[in-house]
Structures are given as C-alpha cells and as structure tokens.
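Quick notes on the structure that follows.
The values are calculated or read from the model by the stated rules, or taken from the named source; none is laboratory data. Being a predicted model, the structure only gives us computed values, none of them experimental. Note that we place each Cβ from the backbone using ideal geometry, even for glycine, and neighbour counts take in every protein chain shown.
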C-alpha cells in the first residue's frame, strides 16, 4: 500500500490509470464508440474511466449511404462541461497541438 502511494507521489506509472492521472488539467483526445471523438481539458476521472471534460469540442462522423456512393459528414458541437460515461471510452491520449 505504501509503495503505491509513494509511486503516485513521485509521478511514476505503476498502474494503467496512472497514465490518465498524469493528464489531469491537460487537453486530451478521447475516442468513443459510435464514431465520436472529443477534445477537451480533463478535470476528473474515476476507476470506471468516467471522465469530466471542460471546453469540449465533440466531432461526430456520420456516413450517408446513397445508392451509388458513401459520403462521410462531420458534425461538431461545443460544450462548456461534459460527463463521459466510461463504458463508451475507447482511447484517451494527450492532444497533439500540431
């Protein structure tokens, strides 16, 4: 128990969620099920990967199936604060600003 607390205080990574802890108050990229992506500032998370994001830009990819071709449209939404349920999260990573 003391080893886990010592490693958390030192900023090292001992468990997978320690990587998410290092991203607190940083802008992150979150890939969700259902062709959705989020970019926002990570305010909080829990052991179920429920996330609280601020200043969120949500991108939804919609495939329009016509008789002859497929067209992919994107819908974007902005939110001041968003709660993301952990069972829809596929990926969380630092946002690359380039």
request  = Considering only the stretch 80-98, state which residues are assigned to a strand (DSSP E or B) and under 14 Å from the mean Cα position of the chain (by Cα).
outcome  = 81, 82, 83, 84, 89, 90, 91, 92, 93, 94
Test for residue 42: is it part of a loop (DSSP other than H, G, I, E, B) and either at pLDDT 90 or above or in contact with a strand residue (DSSP E or B) (Cβ under 7 Å, 6 or more places away or on another chain) (or both) = no
key: Selection status of residue 15, surrounded by 10 or more Cβ atoms within 10 Å (Cβ to Cβ) and without any contact (Cβ under 8 Å) to a residue 40 or more places away in the chain   = yes
request  = Please specify each residue of the stretch 45-57 satisfying the condition of being in contact with a strand residue (DSSP E or B) (Cβ under 6 Å, 6 or more places away or on another chain) and assigned to a loop (DSSP other than H, G, I, E, B).
outcome  = 49
From 20, 28, 52, residue being at pLDDT below 95 and either surrounded by 12 or more Cβ atoms within 10 Å (Cβ to Cβ) or closer than 19 Å to residue 73 by Cα (or both) = 20
Matching residues in the stretch 40-61 - criterion: being closer than 13 Å to residue 27 by Cα and touching a helix residue (DSSP H, G or I) at 6+ places or on another chain (Cβ under 9 Å) = 42, 51
query = Is at least one residue of the stretch 58-65 surrounded by 11 or more Cβ atoms within 10 Å (Cβ to Cβ), within 14 Å of the chain's Cα centre (by Cα) and either free of Cβ contacts under 8 Å to residues at least 24 places away in the same chain or not in a strand (DSSP E or B) (or both)?
reply = yes
message = Please verify whether residue 80 is modelled with pLDDT of 95 or more, over 14 Å from residue 17 (Cα atoms) and surrounded by 12 or more Cβ atoms within 10 Å (Cβ to Cβ), treating the condition exactly as stated.
response = no
task = Would you confirm whether any residue within the stretch 29-48 is in contact (Cβ under 8 Å) with a residue 24 or more places away in the chain and over 30 Å from residue 15 (Cβ atoms)?
result = no
